[in-house]
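First the structure, in the form of structure tokens, and then the observations on it.
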């Protein structure tokens, strides 16, 4: 980045072209988010400062971020945050980067909570909470509910705790390091169990975008050779932990949706499972109500 005068607008144009050449899916957005982070402002503030000169300290900070992005580091890890359900969340390499598709899981929780009883003191488990987005959004929307956020990764839970504190719901979320429900007392029951578990197969991993495959936590992505290994364990455990008429809901890959539905049917403890499609029309969630 050299030349006569580097303005904000010129920096954005040059970086957009550079990241496009390096294969970025959203080069202009990446450039804006990174420049806003380097400048210490909101992205929208850039639009009124295109003609402002970018001084050398700003260009140095920005240059380092752009270099790391071009090398494949996801933007969310570079700036330390990502928006989800219209809220800002801290993200680190200990957690998956929140994706818009997961908002369907939050909506499903809220819909089922209404059916179970408006204002009811529901017990909800978020299994594999990661950055805490599902538990935190549910807690904000359901003020009477108690959430249990479970993750096998202590590092992920530390991120989730900070996000809960940021959004002022810490007092209604219990954070637990556990492999599924192993660390919970046997008598603990839930009205809703929601999970965005690992569901990528080992074969699928190689086909993922490099910034996902090489930077996001493998343990939160890959379930095993088939992609259903964690879900196979979760289904029977959830059936034991749900109150009569309670709901299990899981985000998944469209590729394994038929297999997951069959697993639920074979278990026998649930009513007929249902599939929720995302905005692209792809199977994104499978939900099932426990019998009783």
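The values are calculated or read from the model by the stated rules, or taken from the named source; none is laboratory data. Everything numeric here is computed off the predicted structure, so don't read it as measured data. Note that we place each Cβ from the backbone using ideal geometry, even for glycine, and neighbour counts take in every protein chain shown.
Only residues that are exposed (fewer than 14 other Cβ atoms within 10 Å of the Cβ) and either under 16 Å from residue 226 (Cα atoms) or touching a residue at least 40 places away in the same chain (Cβ under 8 Å) (or both): list them for the stretch 250-271, please.
Within the stretch 250-271, 258, 262 qualify.
Looking at (1) closer than 30 Å to residue 10 by Cβ; (2) in a helix (DSSP H, G or I), which one does residue 112 not meet, given that it meets all the others?
If we test residue 112 against (1) closer than 30 Å to residue 10 by Cβ; (2) in a helix (DSSP H, G or I), just (1) comes out false.
Within the stretch 99-110, is even one residue touching a strand residue (DSSP E or B) at 6+ places or on another chain (Cβ under 8 Å), over 29 Å from residue 27 (Cα atoms) and either surrounded by 20 or more Cβ atoms within 10 Å (Cβ to Cβ) or in the same structural domain as residue 192 (by TED's automatic domain parsing) (or both)?
Within the stretch 99-110 (the criterion being touching a strand residue (DSSP E or B) at 6+ places or on another chain (Cβ under 8 Å), over 29 Å from residue 27 (Cα atoms) and either surrounded by 20 or more Cβ atoms within 10 Å (Cβ to Cβ) or in the same structural domain as residue 192 (by TED's automatic domain parsing) (or both)), the answer is yes, since at least one residue qualifies.
Find all pairs meeting these conditions: Cβ atoms under 9 angstrom apart; at least six residues apart or on different chains; first residue within the stretch 4-26 and at negative phi; second residue assigned to a strand (DSSP E or B).
Going by the 9 Å Cβ cut-off, the qualifying pairs are 5/53; 6/53; 7/53; 8/53.
Filter the stretch 228-239 down to the residues that are under 16 Å from residue 271 (Cβ atoms) and touching a strand residue (DSSP E or B) at 6+ places or on another chain (Cβ under 9 Å), then identify the one that is surrounded by the fewest Cβ atoms within 10 Å (Cβ to Cβ).
239
Restricting to the stretch 98-155, name every residue that is on the phi > 0 side of the Ramachandran plot and either in contact with a helix residue (DSSP H, G or I) (Cβ under 9 Å, 6 or more places away or on another chain) or modelled with pLDDT of 95 or more (or both).
128, 130, 132, listed by residue number.
Of the residues that sit in the stretch 164-173 and are part of a helix (DSSP H, G or I) and touching a helix residue (DSSP H, G or I) at 6+ places or on another chain (Cβ under 6 Å), which one is farthest from residue 145 (Cα to Cα)?
164
Confirm whether residue 146 is exposed (fewer than 15 other Cβ atoms within 10 Å of the Cβ), in the same structural domain as residue 219 (by TED's automatic domain parsing) and over 17 Å from the mean Cα position of the chain (by Cα).
Criteria not met by residue 146.
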